[in-house]
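The values are calculated or read from the model by the stated rules, or taken from the named source; none is laboratory data. Because the structure is predicted, anything quoted here is derived from the model rather than measured. Here the Cβ positions follow ideal geometry from the backbone for every residue, glycine too, while neighbour counts run over all protein chains shown. Each accessible area value is taken on the protein alone, full model and side chains, heavy atoms only, with ligands, DNA and RNA left out. Shrake-Rupley method; radii C 1.70, N 1.55, O 1.52, S 1.80 Å.
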Amino acid sequence: MPGPAHYNAKAIVEAVQEGKLSEEQLDKSVGRILKLVERVTGNQAAEKKDEDYHTLARKAAAESIVLLKNDNAILPLRPETASSIAVIGRFAVKPRIQGAGSAKVTPTRVDIPLDEIKELAGSLATVSYTAGYPEDDSVNEELIKESVTLAKNAEVAVLFVGQPEYAESEMHDLKGIELPEHQVKLIQAVAAVQPKCIVITSSGSALVMRPWVQHVPAVIHSWLSGQGMGRSIAEVLFGYTNPSGKLSETFPVKLSDNPSHMRIRGENGKLYYREGLFVGYRYYDRKELAPQFPFGHGLSYTTFAYTDLEVVQHVTGVKVSFQLTNTGKRRGKEAVQLYVHDEECKWTRPEKELKAFAKVELDPGEQQTIVFELEERDFSYFNTKYNRWLADTGYFQILLGSSSKDIRITGRLHCDFGKEEITFHKFSLLSEWISDPAAKAVLEECLNEMNEHVIDKVYLNEEFVGFWEDFPMIKVFQMFGQTWMNERSPDQVIQELIARVERLRTN
């Protein structure tokens, strides 16, 4: 942020002169600042440290880049099928590696994607370049025509596109999550003449790709992955790095599919988050709405098999183990995702919830036992009635997969988390009364007594419970027991039942 403000310096001087701030205290504060300056700028083999930082930046970028689409295994590029490469798009020479405004930092160096592609291609392939689109949001038909000509005469076209900095920054909302119009037109035009069209996208959030994604065989999403992004993209393209990144958010088919779309701007200076539990993949699961690319999605140049799932509850939680095998021909990493589905909870819960994940690297043919230890909290939901996290005894499914939509293996177990005693009150439901053994016994005894005095008798059979289970029990008495309750009100009957249940529980 900007600073230091001169008016603050003036205020400090005046405070010392007026005796409000001691020089000793000021010297201590200044000393801390000088110590920080010395640590940051001191002569500590800066050049070697910068190189270490850049190596780390490249590694971080390589781990995060996501291969979204790879039809017919067009990637990685091979010299025999990619002897001429057309690189198109300004982001290839001026990559967007980070956010804008307060998100911007000074990199020690920046890898330029075009330079890195040329270096890795070497003498095996000729690499040509054109800008593809202007720096502003105008549509330049001449740049598009030039790109089409370049792509048509090459064996492969690699397009660098993404959200520009002017569209995706702090202090304002995105107007949409589509690529700029000039980039969409560029992709469509190039894909029409070059079937081997690879699109590399950069953005800080999800993108809508519906207007063009079906026309290209490969898509790589690089996010805003820092100063080492250029080299990492080149290594993914040529197979020096096997991609292993996964999407940390859902990419919808269109913006209106998003759960917050109806209230995205807010009104009267207020914005209410009304999605509740159903954000991200939880919403798409519940709505049975197919996204463009689901949460957790990310392809690899190898394949993995999930087998031999074992799920066991023990004293402190649940142990989940399975075998992960690299069934392909390349060394690679798989980000295994574990989701939990509650089969029996009567409260509103998502279809499944991510509870654990692990990134595992395996050689071709290598197999490894993967173990997750889940705690009771991983099976819990926040119960607003008791104002705490609660796990219900019952059946759960353990789902393991490569994404939220690509579930490879599923297990089922009954978890015993103890029985939560129901606190009965005037409006407790019939379903609550019959779910507690002691309460059900008391209720059946009461209903037997009532049936001796009424015409329409009540029996807790499947037909009756199926219709009345979500009614308060007091309403059942009001409906069927009026001729029986000559001396008592329905309220008094309920209170008597509650008192009898409490006596049974304490005996």
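Taking the Cα of V360, stepping 7 Å toward and past its beta carbon, and measuring to each backbone N in the stretch 317-352: which are under 19 Å?
Taking a point 7 Å out along Cα→Cβ of V360, the residues of the stretch 317-352 whose backbone N falls under 19 Å are 318-340.
Mind ranking M473, M479, M485 by accessible surface for me, highest first, 1.4 Å probe?
Working: M473 0, M479 120, M485 25 Å².
The most accessible residue leads, giving M479, M485, M473.
Please determine, in degrees from 0 to 90 and to the nearest 10, the orientation of helix 181-193 with respect to the longest principal axis defined by the Cα atoms of the chain, where the helix direction is its Cα long axis.
Between helix and principal axis, roughly 70 degrees.
The list (1) -0.44, -0.57, -0.72; (2) -0.61, -0.74, -0.85; (3) -0.53, -0.64, -0.74 gives values of log10 I(q)/I(0) by the Debye sum over Cα atoms at q = 0.07, 0.08, 0.09 Å⁻¹, and only one came from this structure; which label was calculated from it?
Here log10 I(q)/I(0) by the Debye sum over Cα atoms at q = 0.07, 0.08, 0.09 Å⁻¹ agrees with entry (2).
My understanding is that a pair violates if its Cα-Cα distance is over 18 Å; which of K419/K440; K152/K196; K10/K104; K355/K405; K352/K385; K152/K185 do that in this structure?
From K419/K440; K152/K196; K10/K104; K355/K405; K352/K385; K152/K185, over 18 Å: K10/K104; K352/K385.
Exactly which chymotrypsin sites (Phe, Trp or Tyr not before Pro) in the stretch 386-437 are in a DSSP loop and have at most 16 other Cβ atoms within 10 Å?
Details: sites: Y386, W389, Y395, F396, F417, F424, F427, W433; in loops: Y386, F417, F424, F427.
Here the chymotrypsin sites (Phe, Trp or Tyr not before Pro) that fit, given the DSSP loop and packing criteria, are Y386, F417, F427.
Pairs of Cα atoms under 8 Å, at least six residues apart: use those to get the relative contact order of the chain, whole percent.
Values: 884 pairs, mean separation 58.3, N = 507.
That works out to 12 percent.
In percent, how large is the relative contact order of the stretch 1-117, given Cα pairs closer than 8 Å and 6 or more residues apart?
24 percent.
At 222 nm, what value in deg cm²/dmol follows for the chain if DSSP H runs of at least 4 each add -39500 (n - 2.57) and the sum is divided by all its residues, to the nearest 500? Write out the running numbers ahead of the final one.
Numbers: 13 runs with 154 residues, N = 507.
Value at 222 nm, helices only: -9500 deg cm²/dmol.
In square angstrom, what is the accessible area per residue of the chain with a 1.4 angstrom probe?
Values: 27700 Å² over 507 residues.
Heavy-atom accessible area per residue stands at 55 Å².
Note down the relative contact order for the stretch 382-438 as a percent, whole number, built from C-alpha pairs under 8 angstrom at least six residues apart. Please list the in-between numbers first.
On the way: 51 pairs, mean separation 15.4, N = 57.
After rounding, I find 27 percent.
For the chain, give the share of DSSP beta bridges that are antiparallel, in percent and rounded to the nearest 5; count only bridges with both residues there. Write down the numbers at each step before the final one.
Details: 51 of 71 bridges.
Here the share of antiparallel DSSP bridges comes out near 70 percent.
Using DSSP to define loop residues, name the GluC sites (Glu not before Pro) in the stretch 71-123 whose beta-carbon has at most 13 other beta-carbon atoms within 10 Å. Intermediate values should be presented prior to the final figure.
Details: sites: E80, E116, E119; in loops: E80.
Those that pass, being in a loop and sparsely packed, are E80.
Which value in nm describes the separation of the simple spin-label points at S205 and T55, placed 7 Å from the Cα toward the beta carbon?
Label-label distance for S205 and T55, simple model: 3.7 nm.
Taking 0.36 nm per intervening residue step and subtracting the Cα-Cα distance, what contour gain separates M171 from V371 on full extension? Provide the component values of the computation, followed by the final result.
Working: separation 200, 0.36 × 200 = 72.00 nm, distance 4.36 nm.
In short, 67.6 nm is gained.
Hey, rough spin-label estimate for Q17 and T327, points 7 angstrom out along Cα→Cβ, what's it come to in nanometres?
Inter-label distance under the simple model: 8.0 nm.
Report the FRET efficiency, 1/(1 + (r/R0)^6), for F467 and I422, where r is their Cβ-Cβ distance and R0 is 22 Å, rounded to 0.05.
Numbers: r = 21 Å, r/R0 = 0.96.
My answer for the efficiency is 0.55.
Would you work out what percent of the accessible area of the chain, with all protein chains in place, is carbon or sulfur (probe 1.4 Å)? Display every interim value, and only then the final one.
Values: 14240 of 27700 Å².
Here carbon and sulfur together make up 51 percent of the probe-accessible area.
Any idea what the dipole of the chain comes to, in debye rounded to 20, about its Cα centre with Lys/Arg Cβ at +1 and Asp/Glu Cβ at -1?
On the way: 59 positive and 72 negative charges, 256 e Å.
Using Cβ point charges on Lys, Arg, Asp and Glu, the chain gives about 1220 debye.
By how many degrees, between 0 and 90 and to the nearest 10, does the Cα long axis of helix 6-17 differ from the longest principal axis of the chain?
Tilt relative to the chain: about 70 degrees.
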